[in-house]
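A short worksheet on the structure shown next.
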Amino acid sequence: MGQDLLGFTIGANPPPRLDKALARDVPEAHALSRTRLARLIEDGAVRVNSMVERNARARVAAGDLVEITLPEARESHMAPEAIALAVIHEDDNLIVIDKPAGMVVHPAPGSPEGTLVNALLHHCGDSLSGVGGARRPGIVHRIDKDTSGLLVVAKTDAAHQGLAAQFAAHTVERSYAAAVHGVPDAGDPRLRGLAGVAFEPGGVLRITTQLARHRTDRQRQAVVAHGGRRAVTRACVIENFGGAAALLECRLETGRTHQIRVHMAHVGHGLIGDPVYGGARRLPARALPEGAAEAAAAFPRQALHAGTLGFVHPLSGEALRFEAAMPEDMRSLLAALRGMNDTT
């Protein structure tokens, strides 16, 4: 297996620990995370002034010569699979995919194959330079199996760190189309009485709660009073279907698991078709065109589509923004709610 030797000197006023000093001074082009640097130190791949240093807490001084032996990216344990992908954008550092509903993003015990990662391993091949020391795509965010729409995936360590930093700082633009039960209304006293719920100018519904795993169902998330992670969703009504249902634009400030689904259910406007958070709720047939309630009841997944994704390219600094049209199943659902026979 090939190896690269990376050499540099410690700058002025270094942090007191070797791992922190390396994280500060390692050349940006190599984009080595502190976690990976700690692993390299432990593996004996770091020399300071020609001596192997395995102690991450060791002290260093300005001018010390550091040499890091970088092993060639190891092959991923996950198998490449020839699965068709809708590629919206691709360059040497990242790829943007329009994921279909029904595809899991990352292999897991219940979904060991047929995932987006398996497909990307085949599609990208040798263009994956390695993320965290492994030749694999860098997943920086996910959307649920039965949610369709846009994801950005890193192909290099540098892109992975740059994108992860933007998601952590909540600077990534993410907009979803959601078909929900009922119509959120600023005049609804029930909404006004919910903690964490407010209406911003323009009728934008802002939901701010703590989210954590459900106490009894580990596959679900729940709004909790204490101990969860802060989650913020903004939603505005794009189209009103007779007061019985609405098409919303939902924007994420944070990106927690199932966030939009949990938040909309929390305020009483759960997503049409959501098997986990929507319960057995049905649309009132008398308030809708003929067949619309039946179409909603038969919709086989949560009616949620990640339609807009915007971020700054982590290497070039270019502002990028992508849009993906709604898939056919959601277009058909909306057409039924409008009382139309086509999906245009």
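Suppose every K and R has +1 on its Cβ and every D and E has -1 on its Cβ; what is the size of the dipole of the stretch 192-344 about the Cα centre, in Debye to the nearest 20?
Details: 19 positive and 13 negative charges, 170 e Å.
Magnitude of the dipole: close to 820 debye.
Report, by chain and number, residues whose modeled amide H sits under 5 Å from the one on F322, excluding near sequence neighbours (fewer than 5 apart, same chain).
L309, G310
Where in the stretch 249-344 are there GluC sites (Glu not before Pro) that are in a DSSP coil and have at most 11 other Cβ atoms within 10 angstrom of their Cβ? Numbers along the way, then the final one.
Values: sites: E249, E253, E290, E294, E318, E323, E328; in loops: E253, E290, E318.
Hits after loop and neighbour filter: E290, E318.
Which value in nm describes the separation of the simple spin-label points at R47 and A86, placed 7 Å from the Cα toward the beta carbon?
Result for the modelled spin labels: 5.2 nm.
Starting from the Cα of K145, draw a straight line to each of the lysines and keep only those under 28 Å, dropping any in the same chain fewer than 8 residues away.
Counting by Cα, and skipping residues close in sequence, K145 has these lysines nearby: K99, K155.
Using θ = phi - 60° and the Karplus relation 6.51 cos²θ - 1.76 cosθ + 1.60, list the HN-Hα couplings for the stretch 306-319 in order, rounded to whole Hz, with x at every Gly or Pro.
3J(HN,Hα) across the stretch 306-319, in whole Hz: 7, x, 9, 9, x, 7, 9, 4, x, 9, 8, x, 6, 6.
To the nearest 20 Debye, how big is the dipole of the stretch 137-203 about its Cα centre, given +1 on the beta carbon of each Lys and Arg and -1 on that of each Asp and Glu? Please list the in-between numbers first.
Details: 6 positive and 7 negative charges, 26 e Å.
Roughly 120 debye, rounded to the nearest 20.
Taking the Cα centre as origin and putting +1 on Lys and Arg beta-carbons and -1 on Asp and Glu beta-carbons, what dipole magnitude results for the chain, to the nearest 20 debye?
Magnitude of the dipole: close to 1540 debye.
At 222 nm, what helix-only mean residue ellipticity would the chain give, in deg cm²/dmol to the nearest 500, using -39500 (n - 2.57) for each DSSP H run of four or more? Please report the intermediate quantities before stating the final value.
Values: 8 runs with 68 residues, N = 344.
Theoretical 222 nm ellipticity from helices: -5500 deg cm²/dmol.
Sort the stretch 221-262 into rounded, prolate or oblate with this rule: let a ≥ b ≥ c be the square roots of the eigenvalues of the Cα gyration tensor; rounded if a/c is under 1.5, and if a/c is not under 1.5, prolate when a/b is larger than b/c, oblate otherwise.
In terms of gyration-tensor shape, prolate.
Can you say what percent of the DSSP beta bridges in the chain, counting only those with both residues inside, are antiparallel? Round to 5. Let's see the in-between values first.
Working: 67 of 72 bridges.
Once the DSSP bridges in the chain are tallied, antiparallel ones form about 95 percent.
Per residue of the stretch 252-257, what does 6.51 cos²θ - 1.76 cosθ + 1.60 with θ = phi - 60° give for ³J(HN,Hα)? Whole Hz please, x for Gly and Pro, Karplus curve as stated.
Per residue, the Karplus-derived 3J(HN,Hα) values read 9, 8, 10, x, 8, 4 Hz.
Which residues does a label at T208 reach in the stretch 238-262, if reach means a backbone N under 18 Å from a point 7 Å past the Cα toward the Cβ?
Under 18 Å, as judged by backbone N against the label point of T208, lie 251-256, 260 of the stretch 238-262.
How high is the relative contact order of the chain? Use alpha-carbon pairs under 8 Å, at least six apart in sequence, and give a whole percent. Show your work: numbers first, answer last.
Numbers: 720 pairs, mean separation 45.9, N = 344.
For the chain, the relative contact order is 13 percent.
Just the number, please: Stokes-Einstein D of the stretch 142-225 in µm²/s, Kirkwood Rh from C-alpha pairs, 37 °C, 0.692 mPa s.
Details: Rh = 16.4 Å.
It comes out at roughly 201 µm²/s.
Would you work out which of T216, F299, A244 lies farthest towards the positive end of the dipole of the stretch 155-310, given +1 charges on the beta-carbon of Lys and Arg and -1 on that of Asp and Glu, about the Cα centre?
T216
Would you please classify the overall shape of the stretch 3-72 from the alpha carbon gyration tensor, given that a ≥ b ≥ c denote the square roots of the eigenvalues, rounded means a/c under 1.5, and beyond that prolate means a/b larger than b/c while oblate covers the rest? Mind dumping the intermediate values first?
Values: a/c = 1.37, a/b = 1.26, b/c = 1.08.
It is rounded, given that a/c, with a ≥ b ≥ c, falls under 1.5.
Residue-wise, which Karplus ³J(HN,Hα) couplings in Hz belong to the stretch 18-24, taking 6.51 cos²θ - 1.76 cosθ + 1.60, θ = phi - 60°, and x for glycine or proline?
Per residue, the Karplus-derived 3J(HN,Hα) values read 4, 5, 5, 5, 5, 4, 6 Hz.
A short reminder: the numbers here are calculations on the coordinates, not readings from a lab. Nothing here was measured: the structure is a model prediction, and the numbers come from that model. Note: ideal-geometry Cβ built from the backbone for every residue, glycine included; neighbour counts use all protein chains shown.
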